[in-house]
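Data first, discussion second: the structure below is written as structure tokens.
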Amino acid sequence: MSTGKSLAWLLDPLPVETFLEDHWARDHVVVERESPGYFEDVFDAAAAENFLEYVRPDPSAVRLVRANGNLDGYRLADGALDLVRVRNAFADGYTIVMNGLERYLPAVADVARMIEAELNYETQVNAYVTPPA
């Protein structure tokens, strides 16, 4: 199932040409837009709230980070994610980093493949869930 998305859609309002000339392989870019539901058809709000459930089978895809250091010890004895500890760390100011979401969410995989096709470059989709402030 294709989302019908393009690189232009992903970068909007930043023109693709500007991205390629000024940012590609040089610098990161943050695209700001006043459209909270922009990615709704890639993943809905419920999916975003459940990202940890998607990566739960692969705890190595999760990291907890903040400015003064990373947190270790958020796995259970069997190696699974300790979701309570992860959520508590988030409440304590840690950002939850989830790597490789394209492996778990088909619509995200569609967007990643679209980017790969347009840029002829391998992609990986990561999510950064950062607490307020």
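Among the listed residues A8, A46, which satisfies the condition of being at pLDDT below 90, open to solvent by less than 70 Å² (accessible area, probe 1.4 Å) and in a helix (DSSP H, G or I)?
Details: A8 fails: at pLDDT below 90.
Among A8, A46, only A46 is at pLDDT below 90, open to solvent by less than 70 Å² (accessible area, probe 1.4 Å) and in a helix (DSSP H, G or I).
Tell me which of these D41 doesn't satisfy, since it passes every other one: (1) at pLDDT 90 or above; (2) under 26 Å from A117 (Cβ atoms).
(1)
Matching residues to (1) in contact (Cβ under 8 Å) with a residue 40 or more places away in the chain; (2) outside any helix (DSSP H, G or I):
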{"position": "E32", "(1), (2)": "no, yes"}
{"position": "G37", "(1), (2)": "no, yes"}
{"position": "L52", "(1), (2)": "yes, no"}
{"position": "R63", "(1), (2)": "no, yes"}
{"position": "V84", "(1), (2)": "no, no"}
{"position": "R87", "(1), (2)": "no, no"}
{"position": "I96", "(1), (2)": "yes, yes"}
{"position": "E118", "(1), (2)": "yes, no"}
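Taking segment 120-133, which residues are touching a residue at least 60 places away in the same chain (Cβ under 8 Å) and open to solvent by 30 Å² or more (accessible area, probe 1.4 Å)?
Answer for segment 120-133, where residues must be touching a residue at least 60 places away in the same chain (Cβ under 8 Å) and open to solvent by 30 Å² or more (accessible area, probe 1.4 Å): just V129.
Could you please let me know if E34 is surrounded by fewer than 17 Cβ atoms within 10 Å (Cβ to Cβ), touching a Ser or Thr at 6+ places or on another chain (Cβ under 7 Å) and closer than 23 Å to L10 by Cα? Outline the logic, then answer.
Numbers: surrounded by fewer than 17 Cβ atoms within 10 Å (Cβ to Cβ): yes; touching a Ser or Thr at 6+ places or on another chain (Cβ under 7 Å): no; closer than 23 Å to L10 by Cα: yes.
No; evaluated as a whole, the condition is false for this residue.
Within the group L76, L101, L105, L81, which residue is surrounded by fewer than 16 Cβ atoms within 10 Å (Cβ to Cβ) and among the aliphatic types (A, V, I, L, M)?
On the way: L101 fails: surrounded by fewer than 16 Cβ atoms within 10 Å (Cβ to Cβ); L105 fails: surrounded by fewer than 16 Cβ atoms within 10 Å (Cβ to Cβ); L81 fails: surrounded by fewer than 16 Cβ atoms within 10 Å (Cβ to Cβ).
One residue alone meets the criteria, L76.
The values are calculated or read from the model by the stated rules, or taken from the named source; none is laboratory data. Model, not experiment: these values are computed from the prediction. Virtual Cβ from ideal backbone geometry, glycine too; neighbours counted across all protein chains shown. Just so you know, the surface numbers come from the protein's heavy atoms only, side chains and all, with ligands and any DNA or RNA stripped out. Shrake-Rupley method; radii C 1.70, N 1.55, O 1.52, S 1.80 Å.
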